[in-house]
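Report on the following structure.
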Amino acid sequence: MNKNGFRALIWVNFSGATVDHLIKNTLVIFIGFQAQSEQLAAQFTTLGLALFMLPSVLLSGLAGQWGDNHQKLPLFKKLKTIEYVIIIVICYGLYINNLYLLCLLLLPVGIIACLTGPLKLAMIDERVEKQQRSQSSTLFQLSSIIAILIGSALAGGLLHVGLKMAITGILLCTFINAIGVYQQKNIAIKHKITHNKSPSPRSFYTQYQHMFKTIKQDPKLVLGCLLISFYWFFINLSYSQMTTLAKYQLNINEVNTSMLFVVMTVAIACGSLVFLILNTRLSQGKIIFVGSMSFALGYAALSMMIAFKENLPIISLLSEFQQVIIIISLSNLFSSQLLFLGYALLQVNGVDTQKTTIFAASNVISAAGMIASATLISLALHYNVNIKSLFLIYSLLSLGGGVMLWKLCISQEKKSLQQTVFPSLTD
């Protein structure tokens, strides 16, 4: 996998994801602790995440068209250059302590992420043979998760030292990523992917028609997109509530809040290794069942912890912080199977010349799920729903959604046996 520059691509992805999540966690923690009230903190966080995801809904069609019709690497480098300029402005916003500016800057950051994300994933197909893509996709996602871990740890630690140290860390990590990006070279591969020399531009509506038509051609692609969207819907709910839970329920500082994010990320990273084992031993339906039930049980456990912490002697043996650590570790370890299975399905199935479009469509569906979760959080804030009830609602929603995905997978497996045999993930 290394001869065609796959390791170099992983390094670019790793260093870039470290920067992205260092910035994201720094902003979430900084805004959460600078806001004057629990409701204001939640509103700022929800607004920022909504602005970050909005471009994925509006511009993913453009990302798919560009990526499938042009050389990916030169386009990727140009977009990253724009991102570096935006990061400098974000550092200025942190320095002047302007919460509104920081929230608004998540919009252009989201635009760049929307355009570069599908490009990176599609470049895997240019550097890896088809029979190795399931494994390479999991390794690629693992590099992202380790980067999230490092970015999350750095955010809390650097902010604890001081705001200037956090800004310095962001700029240094950005510089390291820039070196890797600009050293990337076009790769000559056996299974060369051709591009249209003079692509005709599509209208906004036609772009989305083309994306979803591409996805609908293969039921495995539909299932993969839905799994990824389902996962990010509930992770966004968890992420949005974590700072609120830390500050107003657990009464912990920025470092321990960052520790919660680190624990979540470590669990997801370990989940990628679990997936490599389960993928060879369990059917896709069973993996979906395990992942969705992990969400449901995790949220139910958090709700019970808050509701009965003074009445259950066994629970009272551990501190609230320790209980949360255990719950989110187990929940994220197994729920992450949904994410890895979804990306493996997208990487293995579909036509190579349409891979950017496929991942762009996945971004649209995932963004819609995350915006839906932000809407749910906004409604909960409007009606003053307490965090205990919220976790119980999340548990019921994840249980219902998981059952629907499991039934869809079982239905596809039955049809494939009756009609056509689809390629296995392990081929």
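Working ranking of peptides 335-343, 402-410 by packing, defined as the average number of other Cβ atoms within 10 Å per residue, highest first, is 335-343, 402-410.
Computed from the C-beta positions of Gln322 and Lys388 and an R0 of 22 Å, the FRET efficiency is 0.75 to the nearest 0.05.
The shape of the stretch 322-371 comes out oblate: with a ≥ b ≥ c from the C-alpha gyration tensor, a/c is at least 1.5 while a/b does not beat b/c.
Cross-link check: pairs Lys24/Lys72; Lys24/Lys220; Lys185/Lys355; Lys77/Lys216; Lys80/Lys355 evaluated at a Cα-Cα cut-off of 22 Å; pairs beyond the cut-off: Lys24/Lys72; Lys24/Lys220; Lys77/Lys216. Report, in whole Å, the centroid distance computed from the Cα atoms of the stretch 217-240 and the stretch 111-156. That distance is 16 Å. Using the average count of surrounding beta-carbon atoms within 10 Å as a protection proxy, the listed peptides 165-173, 136-144 rank, highest first, as 136-144, 165-173.
Laboratory data are not the source of any read-out in this text; all were calculated from the coordinates shown. For clarity, every value in this text was computed on a predicted model and none was experimentally measured. Positions of Cβ are generated from backbone atoms using ideal geometry, with glycine treated the same way; all protein chains shown enter the neighbour counts.
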